[in-house]
Structures are given as structure tokens and as C-alpha cells.
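The values are calculated or read from the model by the stated rules, or taken from the named source; none is laboratory data. Everything numeric here is computed off the predicted structure, so don't read it as measured data. Methodologically, a virtual Cβ is constructed for each residue, glycine included, from the backbone with ideal geometry; neighbour enumeration extends over all protein chains shown. What goes into the accessible areas is simple: the full protein's heavy atoms, side chains included, and nothing from ligands, DNA or RNA. Shrake-Rupley method; radii C 1.70, N 1.55, O 1.52, S 1.80 Å.
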Amino acid sequence: MRRTKKDTEQTRSAILDAAERLFAEKGISATTLEAISRTAGVTRGAFYWHFKDKADLMGALCARRSLPQFEMLSRAIEEGHTDPLSLLEAAGREVLAIFEADEGQQRLFRILSNHGEDNEVAGRIDERNRDLFDLLRRVADGAQQTGTLNLDFTPQEAAILMLVMINGLLSEWFHLSRAFSLTDLGGKILSAQISLLRAPAKIADSVASDAKGASG
């Protein structure tokens, strides 16, 4: 019987759903491809039709959970923005709200927080973390260029600070069994972090004035 495009997409989604659940529950290294196929209700042949190995599977899991806020930040930085830190705060609040409500995002974070022993899988996970760090650094670069980044921090340092805050916040939310609201308390912590990174208004105004004078 000939399979339709819809059937193929459903099979792929079933494999991804099964892998995500098993990786989150048992860990990547303890989960076999046989277990994923069995849980998804597909044959090993069907699995290999869609994915080469665990590393390929992890790449697909990360891709389908990508957040539009990250793409929005990337575009804004490429095109230029007058206040990158405010944009980052707004996007961060949206991400926290999504994370608090979306069990799929929560499962992926647990998976990414526990590196597998497989070097290729670990490489996929590290690549995603590097992409997030690079995005935060680019936002900080933009803030430095507009004079809105606190002079006490380099863009590299600001990106590290934000990454540590984000990962720490989500990790403790899990460890404390969701004892606080990511949207409310998490949003306050995010705002406090952005305030720490923000330059005094007079410095930002001076940089803006210099830039306007140079263009004129």
C-alpha cells in the first residue's frame, strides 16, 4: 500500500514524540533505537528512513522546538535596533511563559541538561547551547554599539551572565518542583538582570548623540 505524504509526516512525528519522552525519562544513552521504534509503533526500517542515528534525531528534536522569539531577535540584530536589551527582555518574558506552559519545551530542556555519552549526540547539544550563547552575545554587541550596555561588562561577559541566569532559573524551577511562577518571579529576575546590564541613561544618550552627529 502506497504511503501518502501525510502518513510519512505522521510516522516522523510519532518517532520524534517517542524519542522525546524516552530521552527525558531515561536519558539519551540508556534509550535504544529499538525502544524508540517500538514506542512509536514503527519498524526499525521506518526509523532509518527518517533518521540516520541518535545525533540526527536530536537535531530534529531541537529544530521542531525552536522558538520564534530567537528568530525575531536575530532579525532585529541584523537589521539594527535602538534598544536591544529591551527587545531581549520582552522576548525573554515570552519564552518563559511558553516554557511554563509547554511540556514539550520542558522535556527538551531536561534532555539538553543531561549530555549523553555518545559524542555525536553531545555535539548536537553543545551546538544548540553555542547558538544560544552566540545570539545573546550578538544582542550584547548591539547594546554596546547603541551605548545601552553597562561599561562594566563586555558583550562576552554579558552573554555569559544571561546564559547562566537562564539555565539556572530553569534548572531551579525543575529542582523545586515548579514551586514558583516562571512568568511572574522569573520575569522579575530577568528584568533585574537586564537592569544590571543596562548603561546609565546619560551614557546611552551621549552615544546616541555622537552617532547622530556622525551621520549628519
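Consider Glu79 carefully, then state whether it is farther than 29 Å from Ala199 by Cα and without any contact (Cβ under 8 Å) to a residue 24 or more places away in the chain.
Values: farther than 29 Å from Ala199 by Cα: no; without any contact (Cβ under 8 Å) to a residue 24 or more places away in the chain: yes.
Answer is no for this residue.
Pairs under 8 Å by beta carbon, first residue over 22 Å from Glu127 (Cα atoms) and touching a residue at least 40 places away in the same chain (Cβ under 8 Å) in region 89-116, partner in a loop (DSSP other than H, G, I, E, B) and open to solvent by less than 60 Å² (accessible area, probe 1.4 Å), six or more apart or different chains?
Taking only residues 6 or more apart or on different chains, the pairs are Glu100/Ser181.
So if I check each of Thr148, Thr154, which one is β-branched (Val, Ile, Thr), more than 12 Å from Leu88 (Cβ to Cβ) and modelled with pLDDT of 95 or more?
On the way: Thr148 fails: more than 12 Å from Leu88 (Cβ to Cβ).
Exactly one of Thr148, Thr154 is β-branched (Val, Ile, Thr), more than 12 Å from Leu88 (Cβ to Cβ) and modelled with pLDDT of 95 or more, namely Thr154.
Condition first: buried (at least 20 other Cβ atoms within 10 Å of the Cβ), β-branched (Val, Ile, Thr) and at pLDDT 95 or above. Can you find one or more residues in region 114-127 that meet it?
No, that holds for no residue.
Which residues, counting only those in region 132-179, are surrounded by fewer than 14 Cβ atoms within 10 Å (Cβ to Cβ) and in a helix (DSSP H, G or I)? Spell out how you get there, then give the answer.
The first filter runs over region 132-179 and keeps only residues surrounded by fewer than 14 Cβ atoms within 10 Å (Cβ to Cβ), leaving 134, 151-152, 156, 164, 168, 171-172, 174-179.
Passing the criteria: Asp134, Gln156, Val164, Gly168, Ser171, Glu172, Phe174, His175.
Mind listing just one residue for me: the one in region 57-96 that is closer than 26 Å to Thr31 by Cα, out of contact with any His (no Cβ under 9 Å at 6 or more places or on another chain) and assigned to a helix (DSSP H, G or I) and, of those, most open to solvent (accessible area, probe 1.4 Å)?
Arg64
Say whether the condition of being over 19 Å from the mean Cα position of the chain (by Cα) and in contact (Cβ under 8 Å) with a residue 60 or more places away in the chain is met by at least one residue in region 157-165. Spell out the reasoning first.
If we filter region 157-165 for residues that are over 19 Å from the mean Cα position of the chain (by Cα), which is where we start, we get none.
No, every residue in region 157-165 fails to be over 19 Å from the mean Cα position of the chain (by Cα) and in contact (Cβ under 8 Å) with a residue 60 or more places away in the chain.
What tally of residues in region 38-56 results from selecting those that are open to solvent by less than 50 Å² (accessible area, probe 1.4 Å) and assigned to a loop (DSSP other than H, G, I, E, B)?
3
Filtering region 97-111 down to residues that are within 13 Å of the chain's Cα centre (by Cα) and open to solvent by 20 Å² or more (accessible area, probe 1.4 Å), which residue is farthest from Thr154 (Cα to Cα)?
Arg107
Just a yes or no: is a residue in region 7-19 within 30 Å of Ala91 (Cβ to Cβ), touching a residue at least 60 places away in the same chain (Cβ under 8 Å) and open to solvent by 50 Å² or more (accessible area, probe 1.4 Å)? Even if it seems obvious, please write down each step before you answer.
We begin by selecting, within region 7-19, every residue within 30 Å of Ala91 (Cβ to Cβ); these are 9, 12-13, 16-17, 19.
Applying the additional criterion that residues be touching a residue at least 60 places away in the same chain (Cβ under 8 Å) yields none.
No - not one qualifying residue is present in region 7-19.
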